[in-house]
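Structure, as structure tokens:
Just so you know, all these numbers are worked out from the coordinates, no wet-lab data involved. Not measured: the values here are computed from a predicted model. As a convention, Cβ positions derive from the backbone with ideal geometry for all residues, glycine included, and neighbour counts pool all protein chains shown.
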Amino acid sequence: MIRALFTHFLRSFRNRKSWMALYLSSSVFGVTGLFLLFTLKAGIDGSLQERSQYFLTADISVSARRLFTEEEKSTITRLIAPYIKDSSQALDLLSMIRVSADRSRLVDLSGVEPSYPLHGKILLEGGAPASRLRGNEIVIDSDLRDQLALKIGDTVRVGDLDWKVAGVISEDTSSVWKGLSIAPSAFVSRDFLAKSSLIKTGSTLTERFFYRLKRPDDADDVARMIRESSQDSGIRVTTYKSSNEQLTRTMDYLADYLGLLATISFLMAFVGTLYLVQTERARVRFEMALLRTLGLKPRSVLSLIWIESAGLSLLMTMISWLLVRVMSVPIFGWIAHQMGVKIQAQISGGIFLAAFAFSFFTYGVSMYLLLRRELNFPLSSLLSGSSGRSELSKPRWWDVLAGALFIFALAIGVSHSYRLGIAFTAALLVAGGFFALVFAAICRALPVGLNERGAFQILALHLTRNRLSQGIAFGTLSFGALLLFLIPGLSVNFRDELRAPDTEGMPSLFLFDIQPEQVEGIRNFLKGTPHRFESLSPMIRARLEKVNGKPVEPPKGSDSQFKSREEQEEERTRNRGYNLTYRSELFGSEKIVRGRHTKPLYDSSRGELPEITVEKKFAERLGVGLGDTLEFDVQSVPITGKIVGVRSIRWTSFQPNFFVQFQPGVLEEAPKTFLATVESASADTELATLQSKLIDPFPNVSVISVRTMISKITGVFAQMELAIQLSAAFVLFSGLLVFFSIIRLQAADRVSEIQLLKVLGGSIRQVRAIVLGEALFIGLVAVLLGCLLSVVFTEVIVQVAFSRSAIVPVGQLAIFGLGAFSALSLVSGIAFGAALSRRPSQLLDSSSGQV
Amino acid sequence: MSWKNLKVRTLQKKFRQGNNEITVLKNIDLDLDAGKSAAILGKSGSGKTTLLSILAGLEPADAGSVLWDDTEILRLSEDKLNPLRSRKVGIVFQQFHLIPYLTALENIELPTLWESGGERKASAREWLERVGLGDRADHFPNQLSGGEKQRVAIARALVNRPGLVLADEPSGNLDEETGTRVMDLLFEQCVKSGSSLVLVTHDQDLARRCDHVWWLEHGQFR
């Protein structure tokens, strides 16, 4: 039976080539987008898995943002000694490196031992290992060499010490995606660094211990043993298996958002498929009824649908595979260049199967949902000559629910985020509902009969009496237009967010690691200069111990199962130590969104808990709100605060912003450092000079040029934006193909009708006005609606992301609108032009009973 | 409607199939005066439908002329020919060819859409009554039987009171009884409206009802 059905499918395929070509061309890019995404993710994971030991430089690393105590060190050593083959240590901190009065730079300084790295290699130009350092030798990143115009043998100042440049790093297998690092790397001897004055209490440093195991597969067990031996959640234990998860978090986010674009492309193809499939209803109705009269069981009729789905999906997947093979070379090459990681385009059997499954379910689901009632067409109608309903049946509510659940599952699966999945599905449903309402209103407003002279009525009647099929066409065009207009809107606002001018209070320099006794010194240093010392904020390191009296569970460690973004963020929230601060007034970058700001001063005589305010998203991740309490361990002193307010923060303000703020009068005695900003209207060269001048009197203070940082981030995001725009262009192209397919099919569907209208007296001009007029009318309304809704969506997204109103790029939207409408007009003209030019004599040869 | 005659002179039509050229019609001449009827008979493939297509202005000819009321139609552009056709010629197809999303009444109104006139709807409704479907005005084609569809098609062909009606095997898709009733209706209404009728048919009994019978064989009238 299956063989017979398959033979029938092949014959059907042979005779429906043009329909098949339309289906394949409109859907292939949707499937290709998903295919490409799966392949990209697999390639990244594969490359990183392979190199994960290199990234970590060991099998296990144990680290903390402080110096380990001797007890901690000996406990760990005792526990894991039987498993260890090699070990190494490192100290990492951010510090300023200065060459001259006007040349200085923030550097990511690592003090390492000769045995570092235990896996991989860090080599200098010339091939020597970077870690064999003696005394005050320093080896630097090539970026640093170029920025500070350094050469081997030069002397640089780091902290209060002079260091001699002993080499330039040419290969570092431990580095990944340097694009977003705030400082280039430099290596010094760990022993020498530990004895220098750079290591002060409160300095932002990380101490790391690296271990190579006798058997790398023991990594998870060894990691568990170390975690269980310490109650300090600030001690982080990382295995090589999990290191790539952390290292590629940013890449994962990019992949997830690209995945959403791929999902949109796929969904547009899905909607296009719905439209294409519904044009098959007459054939399906007749053919399946006939097959049933010839002996086919109803169940077997359904099998035919699934066989057809499988056959077409296989073909679709193979075409997509070919396209991915071609496209992956330049795309992966570009990403590899940006990430500094070689990515193999691995199209595994699993990926092929996943792409096939998506395609199969899309076609199969569409066929089944739209045509299942046609499958039950009464066989007796074949004899009576009745051809059944001409218009689709309305979907039932559970059809819509099934479709919504499918989209929801797809969005979550691709974005790895419940929040994003819900938001995406909700946005699609809102947009779909809006488009449906508008379409229904248009149909109600149009005339219901041939009341007046002119071609307009036939246009109107074709629209209003084929509501479902025309509604699907309208919906597809509207969604495509929405996406088209969303991209420039979001791009403009995103770019604007990162290019805020200084006049809006953006600082020029950001200072941290300021010791308390240095505050007045810096203030006096800047007095009398055009630079203002602002936003002075104390920073106290602490660990979150309890929420509402219940201890915070330490993280369970990573595993390979699906974890949503929300779960990952919640785990990180429980994992981190926190920087606390206290201030009496809010900065300009923050505002209270719930509750109130803390009272100016804590009064312990009242017997109340100190007041704190928390950042909005931090509160959401922890699941806390007004009235809840958080207990922190501040250098072994437990301090509990009660939440009285929730703040929203404009993180791109580059002000010292904190998740948790105490009221003054609580933390003043705690060990702390200070953060501050320097605001200045001076030129970049003057700021560079200031930066260098600060090093001598304040050697441990780190300075970041905000302008340089913004420029760097803008550059990186420009590249990410390029990736997003390319993906969006891909989506738009696939959308245009869907449009073209729909319009082509509409034209093909109406060939006989067009000929009949000409036969009955309509001139070409009149008939063209009817058919083209409808297509352009739908297209124009879709473009306008898409533009309008995109402005609304952009406003919502920008409000959520940046807490401000969106900029509406009117000019760009107008150009896009004109372009979209022109493309639609061109496509419609071509599609209907062919139909208009055909001779009406074919009507005398037609074998169907209807037009 | 004023209609004098249909004239055809030395009509020729060839079709190309690959490298072969097939002459379908050779030097066809015919005359049909106003109010007269004619049947075109012939075997399958004899060129009947091709001839009807050319007479209706749906297909060009390779040589010769077709005159509707002394107007040569083969040289006219579609922009001029189509409106002329709607006024002067009505066509009844074997396959009915009704637009599925228009009601019976709206399908009949179609030929009148291109001209002004407040009588349009009244005329269409009148013809719907004449063909006995006055109570089916708001029904769609898929709600009508084959015979009813053909009656709507006949009404549509006659709504503008054309001088010439061309019918391509109008009962070909109907059972004998229905076909007979449909043909009776067609003849009756053509007579009443004074329209000439050219009928392509296999049915010799039907052909005998016409004023003229033209046998088409090997592209020529016998």
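Observations on the model:
- Sites A:Tyr418 and A:Ser822 - FRET efficiency at Förster radius 45 Å, r taken between beta-carbons, to 0.05: 0.65
- Of the residues A:Ser131, A:Ser359, A:Ser604, A:Ser300, the one with the fewest other Cβ atoms within 10 Å heads the list, and the complete ranking is A:Ser604, A:Ser300, A:Ser131, A:Ser359.
- GluC sites (Glu not before Pro) restricted to DSSP loop in segment A:10-106 with at most 16 other C-beta within 10 Å: none
- Shape of segment B:1-136, Cα gyration tensor, a/c cut at 1.5: prolate
- Cα gyration tensor category, rounded, prolate or oblate, for segment A:86-205 with a/c compared to 1.5: rounded
- Panel order for A:Lys241, B:Lys192, A:Lys617, by other beta carbons found within 10 Å of each beta carbon, from fewest to most: B:Lys192, A:Lys617, A:Lys241.
- Inter-label distance, A:Trp651 to B:Ala122: 7.7 nm, where each label sits 7 Å from its Cα along the C-beta direction.
- Cross-link pairs B:Lys7/B:Lys149; B:Lys26/B:Lys192; A:Lys17/A:Lys41; A:Lys85/A:Lys164; A:Lys550/A:Lys642 - those with Cα-Cα distance over 24 Å: B:Lys7/B:Lys149; B:Lys26/B:Lys192; A:Lys17/A:Lys41; A:Lys85/A:Lys164
- Cα long-axis angle, helix B:78-88 against chain B (0 to 90 degrees, to the nearest 10): 60
- In segment A:86-205, taking the dipole from charged Cβ atoms about the Cα centre, the farthest positive-side position among A:Ser100, A:Leu150, A:Leu124 is held by A:Ser100.
- Summarising the label geometry, the points placed 7 Å from Cα in the beta-carbon direction at A:Leu586 and B:Ser65 lie 9.2 nm from one another.
- Less than 5 angstrom separates the built amide H of A:Val593 from those of A:Val646, A:Arg647, A:Ser648, all sequence-distant by 5 or more or on a different chain.
- Remark: segment A:692-703, residue by residue, has Karplus-estimated 3J(HN,Hα) of 5, 5, 6, 5, 4, x, 9, x, 8, 7, 9, 10 Hz, where x stands for each Gly or Pro and the curve is 6.51 cos²θ - 1.76 cosθ + 1.60 at θ = phi - 60°.
- Every helix of 4 or more DSSP H residues in chain B counts as -39500 (n - 2.57), and over all residues that averages to -9500 deg cm²/dmol at 222 nm.
- Candidates B:Gly147, B:Gly18, B:Gly179: whichever shows maximal mean-square fluctuation once chain B is modelled as a Gaussian network with Cα springs under 10 Å: B:Gly18
- Most mobile listed residue (B:Ser37, B:Ser193, B:Ser171) in chain B, GNM with C-alpha springs under 10 Å: B:Ser193
- Where labels lie 7 Å past Cα in the beta-carbon direction, separation of B:Arg222 and B:Arg16 in nm: 3.4
- In sequence order, calculated HN-Hα J values of segment A:61-67 (Karplus, 6.51, -1.76, 1.60; Hz; x Gly/Pro): 10, 10, 9, 7, 8, 6, 7
- Pair-distance distribution of segment A:571-683: all C-alpha pairs, bin width 5 Å, starting at 0; shares per bin in whole percent are 2, 11, 21, 25, 20, 13, 5, 2, 1, 0, 0.
- Separation between Cα centres of segment A:641-679 and segment A:115-188, rounded to whole Å: 34
- Helix B:120-130 axis, angle to chain B major axis (alpha carbon atoms, nearest 10°): 90
- With at most 16 other Cβ atoms within 10 Å, longest stretch of chain B clear of loop GluC sites (Glu not before Pro) (DSSP): B:1-114
- Sites listed here are chymotrypsin sites (Phe, Trp or Tyr not before Pro) in segment A:769-847 whose DSSP assignment is loop and whose Cβ has at most 15 other Cβ atoms within 10 Å, and the list is empty.
- Dipole magnitude for segment A:1-159: computed about the Cα centre from +1 point charges on Lys and Arg Cβ and -1 point charges on Asp and Glu Cβ, it is near 1160 debye.
- Theoretical FRET efficiency, 1/(1+(r/R0)^6), r = Cβ-Cβ of A:Asp102 and A:Gln635, R0 35 Å, to 0.05: 0.35
- Integer Hz, Karplus 6.51/-1.76/1.60 couplings in order for segment A:136-151, x for Gly and Pro: 9, 6, 9, 10, 10, 5, 5, 4, 5, 4, 6, 5, 9, 6, 9, 9
- In chain B, a dipole from Cβ-located charges (positive for Lys and Arg, negative for Asp and Glu) runs towards its positive end, and of B:Val92, B:Val165, B:Thr71 it is B:Thr71 whose Cα lies farthest in that direction.
- Legend: calculated FRET efficiency, A:Leu405 to A:Phe434, from the Cβ-Cβ distance at R0 = 30 Å, rounded to 0.05, equals 0.90.
- Length released on extending from A:Lys642 to A:Lys17, taking residue separation times 0.36 nm less the Cα-Cα span: 218.0 nm
- Built amide H within the under 5 Å cut-off of B:His139, gap 5+: B:Ala104, B:Leu105
- Segment B:151-222 shape via C-alpha gyration tensor axes, a/c threshold 1.5: oblate
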